[in-house]
Amino acid sequence: MTQSHNDRYDSTRTAWEDIWDSASMEVELEAVQSKRAMETINAYLPFLDKNDPHIEAGSGLSAVVISLRKMGYDVHGLDYAINALIDSQKYDPSLPLVAGDIHHLPYADNTFGSYLSFGVLEHFEHGMQPALKEAYRILKPGGAVVLTIPYPNVVYRLVQLKRKLSGASQLTDDDFYESTYTNQQLIDNVSQVGF
């Protein structure tokens, strides 16, 4: 990464640490148990083998890790916001959590049955390719990648148009916040690393 990418990477990590400092474990767990969240979780459960370990890369306060572990899945969490991991461990000291970078995962090749990523890959200005390459590396052959990212839907496009017409930055602030990907762009990115 270039110096500007390193600076942005560090500032993004700091922003997430601030977000997790003001977040609530109870609220996160309640949100993951909502009807809509459970519908999403139930959609990808058929791709998770209970005999394999799984990784949530960018686990934050570990609500997904906790929920899936309660369902009998061996799910590990990784995040670069150490304060979120500390709070998660206070909630449940048995959680298998690691502080780390999704671009340089501290795991051997072919370790996990699935790689879970919910609202993480869009936050890196250099794109999702480096993280996806690492995901591919640590997955067992035939492993599943399950991810969510922002989609440039009609509401997003209207907000962008309004900001453009008003002369405001098209970002949520004057710095990079996140990228959006169309369905085809996501397919292309995932396919390019071997999935």
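List the residues, sorted by chain then number, that are 5 or more residues from A144 or on another chain and whose placed amide H is less than 5 Å from its amide H. HN-HN under 5 Å from A144: S114, Y115. Backbone amide hydrogens, once placed in the peptide plane, bring V98 within less than 5 Å of G77, L78, D79, excluding anything fewer than 5 places away on its chain. Its Cα gyration tensor gives region 1-107 an equivalent ellipsoid, and the semi-axes of that ellipsoid, as √(5λ) in whole Å with the largest first, are 25, 17, 13. Working note: Debye formula, equal point scatterers on the alpha-carbon atoms of region 69-150, no solvent; log10 I(q)/I(0) at q = 0.19, 0.22, 0.26 Å⁻¹ is -0.93, -1.20, -1.44. The order of the peptides 36-44, 95-103, 114-122 by mean Cβ neighbours within 10 Å, most packed first, is 114-122, 95-103, 36-44. Between Q89 and S11, the contour length at 0.36 nm per residue exceeds the alpha carbon distance by 25.7 nm.
Give the shape of region 71-111 as rounded, prolate or oblate, defined through the alpha-carbon gyration tensor: a ≥ b ≥ c are the square roots of its eigenvalues, a/c under 1.5 means rounded, and otherwise the shape is prolate if a/b is larger than b/c and oblate if not. It would help to have the intermediate numbers written out before the result.
Details: a/c = 2.91, a/b = 1.21, b/c = 2.40.
Oblate.
Residue separation times 0.36 nm, minus the C-alpha to C-alpha distance between V98 and T182: what's the value? If you can, show how the numbers build up before the last one.
Working: separation 84, 0.36 × 84 = 30.24 nm, distance 3.11 nm.
Fully extending the segment from V98 to T182 adds 27.1 nm.
Using a probe of 1.4 angstrom, how much of the accessible area of region 76-142 is carbon and sulfur, in percent? Within region 76-142, the accessible surface is 58 percent carbon and sulfur.
The values are calculated or read from the model by the stated rules, or taken from the named source; none is laboratory data. Note that the structure is a prediction, hence the values are computed from the model and not measured. Reconstructed Cβ throughout: ideal geometry from the backbone, glycine too, with neighbour counts over all protein chains shown. For accessibility, only protein heavy atoms count, side chains too; no ligands or nucleic acids. Shrake-Rupley method; radii C 1.70, N 1.55, O 1.52, S 1.80 Å.
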